[in-house]
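Participant: Questions regarding the structure given below will be posed in turn.
Since every read-out is calculated from the coordinates, none of them should be taken as a lab result. Computed from a predicted model, the values in this text were never measured in an experiment. Every residue, glycine as well, gets a Cβ built from its backbone with ideal geometry; the counts of neighbours run over all protein chains shown.
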Amino acid sequence: MTEHQQRRSAAVSLTACLMFLLFTTPLTAQEGGISTGPDGVYIALGTSILPATVEGVPYTAYRVERREAGASSWEEIARVSAPVTQIAFDRAFRQQMQRFPELADLSINTAALWGRVTASRQLRDIGMAGRLLPVQLALGVRWLDTTVERAAAYEYRIGRMTDTGPAPDAVTTPGIVFPGLVDLAQLRTVHTHGETMSAQVTWRAGEGHPPAAFRVFRRMGIDGPFSPLPLGGEDSCCTVSMSLVSRNDTVFCSLYDKTVEHGQLYQYYAEPMDYFRNIGRPSDTATVITFQMRQVPLPDHLAAYSVDTAGIRIRWNLRELSAVHGIVIERGPKIDSGFVELFTAAPTDTSFLDVTVEPMQRYYYRFRLIGPGGLRSVASAVIFGMFKSSVVPTPPNGVQARAIEDGIRISWAPDRNQHLKGYYVYRSDGFQAPMKLLSPLLPVEQGVFVDTSSALQPAQAYMYALQSVTSSHVSSVLSDTVSAIPVTPVNIAAPLDIEAVADGSTVHVSWNTVNARDPSILGYLVYRKGEKDKRMTAVADTLQASWQNYYTDHDLPPGSATSYAVRVVSITQDTSDMSAAAAVRIAGVEYYPPGNLRAWKERRSVHLTWDEVVQPGIKGLRLYRYVRGKKPQLIRKLKPNLQEYVDKKPGRVKLVSYYLTVIGEGGVESARSKVVTVPLR
């Protein structure tokens, strides 16, 4: 083997090892562990490499028995032990490696590994290589049952053999069905990148069991079959490498393919595999084009100028057209942010008229080129333009004047079609008096103005007219004239019958008012006060409509108590008294005790175990003991992550019972778990 091939082999071996070692779940052969693979059922026999002396007892081999679920008798199907010589180990290892083609380039120094095996007959002492599944199979600490039938349920019993027969410490596995269902995380494409002679794809693993490895399939073009993409390569310039990386509890699968041709479209998809080579669902298809748009010159001679009554015209020049499939024009409100696509021009176009602009506003433009396969270039230089129109706008229409408490309400139909900047309101003090400017420039969206001037006199008719102003500072003529006479102020009653009803984390507030049709009512303000608040505060800075006598408050915390009140706001911005308050409480979080509480007597103690607590917000556990007819006693406060406890002083009664509770947020205690009873004598 040449030096270059040795370096390549070492690199591929390192990649393969990382793929299988850093992202696997069953790192050691814990006794009784059982899993399915594509070829059968994998049974973890133990951590001792037999034959070996364990705790003073010489064991010769593992004994594997099997029975179908529901059967009463066991059938011995295998006695498994490690090879006794390095030559036998080499042969067994090579035979097992045939099941793992993705590890074909893996290089392991079997002589050094065998030396560690002979020095210590424990799997944990032979190093990282002991985590590889073919190594565990070759050493006899894991065994593959290839004789199972599909859709049949099996149980296994694993024991150890001595010179005199089976040892009494056999372990029975849970039932298992071949083939099994594997919830492997599906891969989703998160990044693609193409260069002239390479392609890169990164997939992210979603929810589910993270992959231990993955394999990739590729095709050139968008039709035809996909072919598996092998690792490695004969030349450093034409190689394929794959890697798994974990960042922030997320697994990323990366491909770097240097066996591509320039200017071509390639499609890839990946299939995740677990530790036992079970294959998950294929990923989505990633498309990569081996071409770079930085080789194509960007547009130059850029210009933007106003076209009266039309918009902003943009001009450009393109020096090279051969690799350009389109020109994307982007527009933004600032020179360095907020750009969005406006239009895609043909490669032969040299100008574009933007008619979707507002007068007297500055607009920024830049360009991107579209190349083969939809590739896009970086952005060009930025230019700006401003549209100015000399068109005279029409005055507002639908103008109305209505007397309200302490003033006059003028309304009109807002106009959003003339590039308006706003409106001016004019008033005259009588039919013969001249019009005078009354208001500042009002926003274009505003359709109401209330004249509450102290100069307004009762029984006096006032004339009003409006004027539109464009953003190009061109004014219209005055609108039609309307008139109104002020009225005497009236008192506004506070809302009645305030009611608040909780629905989960949502509260529905409703009220009644005797002034529902009063034109002087502009709307309602809803106030809220929590348990820790000192006063009522408005829940929003906008009013509820005058016809709307309800409000919905969302996302209130569990267990919280809240009070609500409502105040009426008049058309002149006067407010009524605060209504009576309505209180409501959101139901708190319900906590659940651990499941599967079990207890048994061990000498003079009682051993208790239970399932893991997975509900969020659990602060601790409480273990209670009681004798029938007496009050339960709290015997221990436990941490939430504990799953067992030994009661060394259960008492001298015949029967003793136990149950568990959990403590949640705010010291809330759950209902008790299942009660278990243990006979003490």
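Participant: What does the charge count around Leu50 come to, taking other residues whose C-beta lies under 11 Å from its C-beta (Lys +1, Arg +1, Asp -1, Glu -1)? Please list the in-between numbers first.
Facilitator: Working: positive: Arg63, Arg79, Arg121, Arg160; negative: none.
Around Leu50, the surrounding residues sum to +4.
Participant: Arranged by the count of other C-beta atoms within 10 angstrom, fewest first, what order do Tyr592, Tyr364, Tyr42 take?
Facilitator: On the way: Tyr592 15, Tyr364 19, Tyr42 23.
If I rank by nearby Cβ atoms, fewest first, I get Tyr592, Tyr364, Tyr42.
Participant: Now a separate question. Exactly which trypsin sites (Lys or Arg not before Pro) in the range 531-587 are in a DSSP loop and have at most 11 other Cβ atoms within 10 Å?
Facilitator: Numbers: sites: Lys532, Lys534, Arg535, Arg567, Arg585; in loops: Lys532, Lys534, Arg535.
Answer by residue number: Lys532, Lys534, Arg535.
Participant: By how many nm would the segment from Arg124 to His508 lengthen if fully extended, with 0.36 nm per residue of separation less the alpha-carbon distance?
Facilitator: The Arg124-His508 span can extend by a further 132.0 nm.
Participant: Efficiency by 1/(1 + (r/R0)^6): what FRET value for Asp105 and Val653, r their Cβ-Cβ distance, R0 = 51 Å, to the nearest 0.05?
Facilitator: Numbers: r = 67 Å, r/R0 = 1.31.
That gives a FRET efficiency of 0.15.
Participant: Right, another one. From the cross-link list Lys529/Lys619; Lys601/Lys654; Lys532/Lys637; Lys631/Lys654, which pairs have alpha carbons spaced over 21 Å apart?
Facilitator: Lys529/Lys619; Lys532/Lys637
Participant: Using a 10 Å cut-off on Cβ atoms, rank the peptides 246-253, 322-329 from the highest mean neighbour count down.
Facilitator: Averaged packing, sorted descending, gives the order 322-329, 246-253.
Participant: Okay, moving on. Over the Cα atoms of the range 598-679, what is the Rg over Rh ratio if Rh follows Kirkwood?
Facilitator: Details: Rg = 12.8 Å, Rh = 13.2 Å.
Result: Rg/Rh = 0.97.
Participant: What full-extension length gain, to one decimal in nm, is calculated for Thr344 and Asn417 as 0.36 nm per residue of separation minus the Cα-Cα distance?
Facilitator: Difference between extended and current length: 23.7 nm.
Participant: Express in nm, to one decimal, how much length is gained between Ser254 and Thr452 on full extension, taking 0.36 nm for each residue of separation and deducting their alpha carbon distance.
Facilitator: Taking 0.36 nm per residue and subtracting the Cα distance, the gain is 64.3 nm.
Participant: Could I ask something else about it? Where does each of Tyr550, Tyr275, Tyr564, Tyr659 land when they are ranked from fewest to most other beta-carbon atoms within 10 angstrom?
Facilitator: Tyr550, Tyr659, Tyr275, Tyr564
Participant: Kindly put Leu543, Leu442, Leu137 in sequence by how many other C-beta atoms sit within 10 Å of each C-beta, fewest to most.
Facilitator: The fewest-first ordering by Cβ neighbours comes to Leu543, Leu442, Leu137.
Participant: Amide H neighbours of Tyr275 under 5 Å, at least 5 residues apart or on other chains, H built in the peptide plane: list them.
Facilitator: Under 5 Å from the amide H of Tyr275 lie the amide H atoms of Thr25, Ala212, each far enough along the sequence or on another chain.
Participant: Here's something else I'd like to know. Compute the orientation-averaged projected area for the range 220-328 from the convex hull of its Cα atoms and round it to one decimal in nm².
Facilitator: Taking the Cα atoms of the range 220-328, their convex hull projects to 13.2 nm² on average.
Participant: Using a Förster distance of 56 Å, how high is the FRET efficiency between Glu75 and Glu531, based on the Cβ-Cβ distance and rounded to 0.05?
Facilitator: 0.25
Participant: Per residue of the range 151-167, in order, report the coupling 6.51 cos²θ - 1.76 cosθ + 1.60 (Karplus, θ = phi - 60°) as ³J(HN,Hα) in whole Hz, putting x for Gly and Pro.
Facilitator: Per-residue couplings from phi come out as 6, 9, 9, 10, 10, 10, 10, 10, x, 10, 9, 10, 5, 9, x, x, 6 Hz.
Participant: Another one. Out of the range 314-393, which GluC sites (Glu not before Pro) are coil in DSSP terms and have no more than 15 other C-beta atoms within 10 Å?
Facilitator: Qualifying residues, ordered by number: Glu320.
Participant: Let me ask another. What is the Cα radius of gyration of the chain over 2.2 N^0.38 Å, N being its residue count?
Facilitator: Normalised Cα radius of gyration, the chain: 1.53.
Participant: For the range 33-178, just the Cα set please: Rg and Dmax, both in angstrom.
Facilitator: Cα radius of gyration and Dmax of the range 33-178 are 15.6, 46 Å respectively.
Participant: How far is helix 3-21 tilted, in degrees, relative to the longest principal axis of the Cα atoms in the chain, given as a value from 0 to 90 rounded to the nearest 10?
Facilitator: 80 degrees
Participant: So if the hydrodynamic radius of the range 397-484 is defined as the Kirkwood radius over C-alpha pairs, what does Stokes-Einstein give as its diffusion coefficient at 4 °C and 1.567 mPa s, in µm² per second?
Facilitator: So the translational diffusion coefficient is about 98 µm²/s.
Participant: Any chance you could check the Cα centroid distance between the range 287-361 and the range 194-262 for me, in angstrom?
Facilitator: Centre-to-centre (Cα) distance: 35 Å.
Participant: Leaving out same-chain residues fewer than 8 places away, which lysines sit with a Cα under 18 Å from that of Lys421?
Facilitator: Result set, ordered by chain and number: Lys388.
Participant: Using a Förster distance of 25 angstrom, determine the FRET efficiency expected from the C-beta separation of Asp555 and Leu496, and round it to 0.05. List each step's numbers first, then the result.
Facilitator: Details: r = 28 Å, r/R0 = 1.13.
My answer for the efficiency is 0.35.
Participant: So, one more: Projecting each Cα onto the charge dipole of the chain (Lys/Arg +1, Asp/Glu -1 at the beta carbon, about the Cα centre), which of Phe352, Thr609, Ala92 comes out farthest on the positive side?
Facilitator: Thr609
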